[in-house]
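Visitor: Sending over a structure as structure tokens; questions will come in a sec.
No value in this document is a laboratory result; all are computed from the given coordinates. Since this is a predicted model, take the numbers as computed values, not measurements. When we count neighbours, we look across all protein chains shown, and the Cβ atoms used for this are built from the backbone with ideal geometry, even at glycine.
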Amino acid sequence: MKRADDFESRRAHLRAMSDEELKAYFWQLAQQVVDPLLEYGRTHTTPSVERSVLLRMGFSSLEAKPMVEYAVANSLIGHGVGNIVYRLAKAENLSIREAGLRLSQGEDWDKAAALFQGGEGNV
């Protein structure tokens with residue numbers, strides 16, 4: 001079975017466009033495809049993603065794993081564990097590393113939770 005060639009009919013609305021208009025139209029369509037993916041990334045995370053973020057922040061996998069587990073146990077993973085580390089460091093006047101190590105050892109999770117009271121800082 002041969003596929004019907006409908007190229008001419010499908011491109012009719014593009015025929016009158018200039019190169020600049022076609023380029024703008026392409027980026028508009030690309031944005032429509034990407035927008036839902038970006039929104040999903042803002043509102044959804046996984047322990048694996050959070051560990052990956054922490055590794056990129058300079059923590060070892062042995063340090064990152066318990067931070068993520070504590071974040072899950074404290075229902076804070078939705079805020080992003082890297083964000084939790086950053087905000088705790090800022091609030092307690094600690095280095096990022098020091099704040100992360102404290103969280104990794106199970107310390108300061110009550111302080112971390114208090115930073116996100118009232119929904120502030122949601123991903």
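Visitor: Helix-only estimate, please: 222 nm mean residue ellipticity of the chain, summing -39500 (n - 2.57) across DSSP H runs of length 4 or more and dividing by its residues, to the nearest 500.
Guide: About -20000 deg cm²/dmol.
Visitor: Order of I84, I77 from fewest to most other C-beta atoms within 10 Å?
Guide: Final ranking by Cβ density, sparse to dense: I77, I84.
Visitor: Principal axes first, then extents: for the Cα atoms of the range 47-119, list largest minus smallest coordinate on each axis, whole Å, largest first.
Guide: Its Cα atoms span 29, 23, 17 Å along the three principal axes.
Visitor: Another one. Arrange the following residues from fewest to most other Cβ atoms within 10 Å of their Cβ: Y40, Y25.
Guide: Going from least to most buried by this count: Y40, Y25.
Visitor: Under the Karplus relation 6.51 cos²θ - 1.76 cosθ + 1.60, θ = phi - 60°, what is the ordered set of whole-Hz ³J(HN,Hα) values for the range 27-34, x standing for Gly and Pro?
Guide: With coefficients 6.51, -1.76 and 1.60, one gets 5, 5, 5, 4, 4, 5, 6, 7 Hz.
Visitor: Can you list the lysines whose alpha carbon sits under 21 Å from that of K90, skipping same-chain ones fewer than 8 residues off?
Guide: K111
Visitor: Taking neighbour counts of Cβ atoms within 10 Å as a proxy for exposure, in what order, fewest first, do H79, H44 appear?
Guide: Least to most surrounded, the residues fall as H44, H79.
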